[in-house]
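The values are calculated or read from the model by the stated rules, or taken from the named source; none is laboratory data. Since we're looking at a predicted model, the values are computed, not measured. Virtual Cβ from ideal backbone geometry, glycine too; neighbours counted across all protein chains shown.
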Amino acid sequence: SAAPSYEHILTSIPKPGVGLITLNRPKALNALSSPLFKELNAALDNYDNDKSIGAIIITGSEKAFAAGADIKEMAPLSFSAAYNDNFIAPWSHLSNAIRTPVIAAVSGYALGGGCELALMCDILYCTSKASFGQPEVKLGTIPGAGGSQRLTRAIGKSRAMELILTGRNFSGKEAGEWGVAARVVEGGKDELLEEALKTAETIAGYSRVAVLAAKEVVNKSQELSLREGVEYERSLFHGLFGSKDQKIGMTAFAEKKKPEWSHE
Ligand code: CO8
């Protein structure tokens, strides 16, 4: 089937099994307008439903991953319009519905909604010079797409309070030191993307069923008590003895062969 065409994003499959989504509103530093988010969700769904795709990368430009939600779109919004239309709800689709692992590759600005989008992804890589922040307070508002919750879980209350109350930016280097970023790359967008692609290719090379289950159980750790989380993990671990790929993987190990995954 022909690849769908989009206005505000680019999509490609740069390596087998890897779907790449590039935010592409260069004139607005990839500000996340509603039309852009609609396309992003459609592209995510498309890859998530594609059996040949095992990992997704979301990236932006050298200068900006995304400089926030679209301030010009939001400026005239009324409470009733935002509330009645559930303005921000489409932003939850990535966290609520996408089961394929998603890597954020952040170069340049990731501010406001851009920082929140990066925090929604499963793995975050950035350049050391990337610039993150929740500057909403400067605009007379607050983070609205999970930033106050996800950033606080990622870096602790005192640091999150300082950042959200002052609106100051933090660097990619700080993101690495605080554990927001799994990896900080020296260099520019090319080096960043190379690292993200290697990781995405590795993930896409494993059994889909095992990868989906792994993502699911790690995410449960953010929602459940330790005991409930451990029990949830154990049930799913037991369940995987019913998969073909558990037999394929363990048999291949014993026979010193490379597993040929069935993804079942
Ligand atoms: N929204 C709309 N347009 C933007 C945005 C944005 N967030 N960011 C940049 N732009 C536009 C600029 O207006 C400018 O357009 P034009 O050329 O027409 O004037 C163009 O992009 C280039 O930007 P600058 O000229 O400002 O570029 P600089 O290199 O001088 O500055 C900065 C770069 C520092 C990143 C600066 O653009 C900036 O401060 N941007 C705004 C950052 C910000 O405040 N982000 C938070 C937005 S609020 C938010 O995200 C709330 C999230 C809540 C959840 C979302 C619900 C939907």
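The single condition among (1) in contact (Cβ under 8 Å) with a residue 12 or more places away in the chain; (2) under 30 Å from residue 264 (Cα atoms) that residue 12 does not satisfy is (1).
Taken together, 142, 123 contain a single residue that is surrounded by fewer than 20 Cβ atoms within 10 Å (Cβ to Cβ), among the β-branched types (Val, Ile, Thr) and more than 10 Å from the ligand (Cβ to nearest atom), which is 123.
Scanning the stretch 98-114 for residues that are over 12 Å from the mean Cα position of the chain (by Cα) and away from the ligand (no atom under 12 Å from the Cβ) yields a single hit, 107. Within the stretch 170-197, residues that are without any contact (Cβ under 8 Å) to a residue 60 or more places away in the chain reach partners that are acidic (Asp, Glu) with beta carbons closer than 7 Å, at six or more positions or on different chains, in the pairs 183/195. Number of residues in the stretch 1-43 that are of a type in the set (Ser, Thr, Tyr), more than 12 Å from the ligand (Cβ to nearest atom) and over 17 Å from residue 57 (Cα atoms) equals 2. The residues on offer are 218, 230, 180, and the sole one that is at pLDDT 95 or above, within 30 Å of residue 13 (Cβ to Cβ) and not in a loop (DSSP other than H, G, I, E, B) is 218.
Pick out the one residue from 105, 3 that is of a type in the set (Gly, Ala, Ser) and at pLDDT below 95. Among 105, 3, only 3 is of a type in the set (Gly, Ala, Ser) and at pLDDT below 95.
Of all the residues in the stretch 59-74, those that are more than 9 Å from the ligand (Cβ to nearest atom) and within 16 Å of residue 143 (Cα to Cα) number 0. For the stretch 90-117, filtered to residues that are among the hydrophobic types (A, V, I, L, M, F, W, C) and in contact (Cβ under 8 Å) with a residue 60 or more places away in the chain, the residue that is surrounded by the fewest Cβ atoms within 10 Å (Cβ to Cβ) is 103.
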